[in-house]
Amino acid sequence: MSRFVDRVVLHVSAGRGGNGCASVHREKFKPLGGPDGGNGGRGGDVILVVDQSVTTLLDYHHSPHRKATNGQPGAGDNRSGKDGQDLVLPVPDGTVVLDKQGNVLADLVGQGTTFIAGQGGRGGLGNAALASARRKAPGFALLGEPGEARDVVMELKTVADVALVGYPSAGKSSLISVLSAAKPKIADYPFTTLVPNLGVVTAGSTVYTMADVPGLIPGASQGRGLGLEFLRHVERCSVLVHVLDTATLESDRDPVSDLDVIEEELRQYGGLDDRPRIVVLNKIDIPDGQDLADMIRPDLEARGYRVFEASAVARTGLKELSFALAEIIAEARAAKPVEEATRIVIRPKAVDDAGFTVAQEEDGLFRVRGEKPERWVRQTDFNNDEAVGYLADRLSRLGVEEQLMKAGARAGDGVAIGPEDNAVVFDWEPSMMAGAEMLGRRGEDHRLEAPRPAAQRRRDREAERDDAQREFDEFDPF
């Protein structure tokens with residue numbers, strides 16, 4: 001069984017943020033010293049990192065489910081929870097990350113290139129962080145956000161300068177074995193090579209990489225043979241080399257028709273029309289092979305191909321071929337635009353951007369979508385009336401109630417916050433009370449209220465003035 005895997009579906013789950021803590025400080029002679037609940041820790045991210053020592057996605061084929069650690073919950077005495085540990089996954093150079101719909105999320109090329117495949121959830125705030133002048137002793141804390149969970153497709157595209165293409169047993173592996181230090185498996189039967197082989201070639205001052213693409217036969221672009229699995233490995237190459245077998249023993253094949261078949265498969269695969277081509281007439285050490293090469297060479301040159309005759313066994317014609325490839329690669333590298341340093345682009349939000357939308361659906365339900373409302377809902381403990389009231393205050397300050405009224409919502413209408421598959425639905429009551437307000441102002445604990453003499457004196461003066469006014473109103477000298 002081949003140990004080379006170049007396409008896997010990876011199921012990533014980032015860590016969940018830790019919950020905040022609702023706690024009240026207690027010490028001797030001071031039983032209620034104020035809120036001291038700590039914040040929850042951040043959940044760990046799932047990060048893909050390019051590692052040159054990794055050449056296959058085999059590990060993720062056997063273990064496709066990967067999960068980062070969760071953040072720890074906060075604790076009393078203002079102790080914050082520990083952040084979850086990031087999960088770093090090494091991937092080969094040239095890995096392309098896509099979503100389930102085939103959209104490219106990242107193209108990982110170059111040692112150390114990273115991509116966050118799963119974002120860890122935020123930790124919830126403790127009641128110490130939620131305390132304010134109006135809310136001196138919150139009796140609740142925010143929940144931690146769940147980590148991002150999704151499926152990503154990873155495809156490996158070999159990062160090479162030269163791609164050797166051709167029929168099975170055309171001699172591609174033999175060529176790469178004598179041009180570089182690569183030692184691929186070589187045998188005299190088709191489909192000997194089951195994985196792309198990569199070798200480094202030095203020609204003068206130019207050093208480049210060469211890869212052979214196995215399994216190209218008629219219908220490869222539609223899935224026949226091994227071609228569909230490995231055609232992606234030619235996408236990054238600067239030049240394509242057609243290796244033609246001039247000593248084939250199959251009566252229904254000849255080098256020119258082989259070239260036409262492979263070109264048609266490359267055309268159907270798409271995206272390779274702009275790559276320069278070179279033709280190598282291989283196995284000229286065999287007498288019939290040399291005769292056939294002399295016959296077809298003028299025809300190939302008339303088509304505009306640069307043709308080289310070579311023999312991997314006799315090691316003839318290899319120097320001219322390697323230097324010709326080095327010349328083309330040097331020109332391609334010189335024409336490549338210089339990569340600029342990454343610039344930080346700041347895109348501020350528009351002044352009138354509320355950060356959320358309100359829309360009425362066909363069934364009459366009003367749906368609120370936006371980053372802040374959805375995050376606030378995820379972090380709310382709906383078993384705590386005070387926490388629900390805090391959510392209502394935040395949504396009101398954000399302008400959700402105002403937009404609902406503008407959209408035509410009436411008391412008792414259904415309102416959903418969040419996506420269809422994970423939304424909180426409730427009956428809307430404008431400026432509704434959460435229940436805890438019935439006991440006093442939301443977020444306050446009368447047990448922690450300090451004496452306020454000035455306020456009491458003001459209330460006394462107001463009461464005296466009211467009594468005097470009442471006595472004056474009741475007095476009638478006539």
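Condition check ((1) on the phi > 0 side of the Ramachandran plot; (2) open to solvent by 30 Å² or more (accessible area, probe 1.4 Å); (3) of a type outside the set (Lys, Arg); (4) touching a residue at least 12 places away in the same chain (Cβ under 8 Å)) across all residues:
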{"site": "GLN111", "(1), (2), (3), (4)": "no, yes, yes, yes"}
{"site": "GLN119", "(1), (2), (3), (4)": "no, yes, yes, yes"}
{"site": "LEU130", "(1), (2), (3), (4)": "no, no, yes, yes"}
{"site": "GLY139", "(1), (2), (3), (4)": "no, yes, yes, yes"}
{"site": "ASP151", "(1), (2), (3), (4)": "no, yes, yes, yes"}
{"site": "THR158", "(1), (2), (3), (4)": "no, no, yes, yes"}
{"site": "VAL165", "(1), (2), (3), (4)": "no, no, yes, yes"}
{"site": "LYS172", "(1), (2), (3), (4)": "no, no, no, yes"}
Exercise. So, of the residues in the range 89-104 that are without any contact (Cβ under 8 Å) to a residue 24 or more places away in the chain and within 21 Å of SER13 (Cβ to Cβ), which turns out to be least open to solvent (accessible area, probe 1.4 Å)?
Worked result: ASN103
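In the range 248-264, what residues are open to solvent by less than 60 Å² (accessible area, probe 1.4 Å) and modelled with pLDDT of 80 or more?
First pass over the range 248-264, keeping only residues open to solvent by less than 60 Å² (accessible area, probe 1.4 Å): 248, 253, 255-259, 261-263.
PRO255, VAL256, SER257, ASP258, LEU259, VAL261, ILE262, GLU263 - these are the residues of the range 248-264 that are open to solvent by less than 60 Å² (accessible area, probe 1.4 Å) and modelled with pLDDT of 80 or more.
Please enumerate the residues belonging to the range 13-36 that are over 34 Å from the mean Cα position of the chain (by Cα) and either of a type in the set (Gly, Ala, Ser) or in a strand (DSSP E or B) (or both).
To start, the set of residues in the range 13-36 that are over 34 Å from the mean Cα position of the chain (by Cα) comprises 22-36.
Those that are over 34 Å from the mean Cα position of the chain (by Cα) and either of a type in the set (Gly, Ala, Ser) or in a strand (DSSP E or B) (or both): ALA22, SER23, VAL24, GLU27, LYS30, GLY33, GLY34, PRO35.
Restricting to the range 68-107, what's the tally of residues that are touching a His at 6+ places or on another chain (Cβ under 9 Å) and either polar (S, T, N, Q) or modelled with pLDDT of 95 or more (or both)?
Matching residues across the range 68-107 total 1.
With the structure loaded, tell me whether VAL8 is among the β-branched types (Val, Ile, Thr), assigned to a strand (DSSP E or B) and either modelled with pLDDT under 90 or touching a helix residue (DSSP H, G or I) at 6+ places or on another chain (Cβ under 8 Å) (or both) or whether it fails that test. Let's see the steps before the verdict.
Working: among the β-branched types (Val, Ile, Thr): yes; assigned to a strand (DSSP E or B): yes; either modelled with pLDDT under 90 or touching a helix residue (DSSP H, G or I) at 6+ places or on another chain (Cβ under 8 Å) (or both): yes.
Here the answer is yes, as VAL8 does meet what is asked.
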For this session: Select from the range 1-48 the residues that are charged (D, E, K, R) and touching a Gly at 6+ places or on another chain (Cβ under 7 Å) and write down the one among them that is most open to solvent (accessible area, probe 1.4 Å).
Result: ARG26
Seminar exercise, completed: If we keep only residues of the range 280-305 that are crowded, with 16+ Cβ neighbours inside 10 Å and basic (Lys, Arg), then the residue modelled with the highest pLDDT is ARG297
Problem set entry | Among (1) modelled with pLDDT of 85 or more; (2) farther than 22 Å from ARG333 by Cβ; (3) assigned to a loop (DSSP other than H, G, I, E, B), the one test that ARG150 misses | (3)
Problem set entry | Exclusive hit being at pLDDT 90 or above and either closer than 27 Å to TYR167 by Cα or exposed (fewer than 14 other Cβ atoms within 10 Å of the Cβ) (or both), set PHE308, PHE366 | PHE308
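The values are calculated or read from the model by the stated rules, or taken from the named source; none is laboratory data. What you see is a predicted model; the values in this text were computed from it and never measured. Because the Cβ atoms are built from the backbone with ideal geometry, glycine has one as well, and the counts that use them run over all protein chains shown. Note: areas computed on protein heavy atoms with side chains; ligands, DNA, RNA excluded. Shrake-Rupley method; radii C 1.70, N 1.55, O 1.52, S 1.80 Å.
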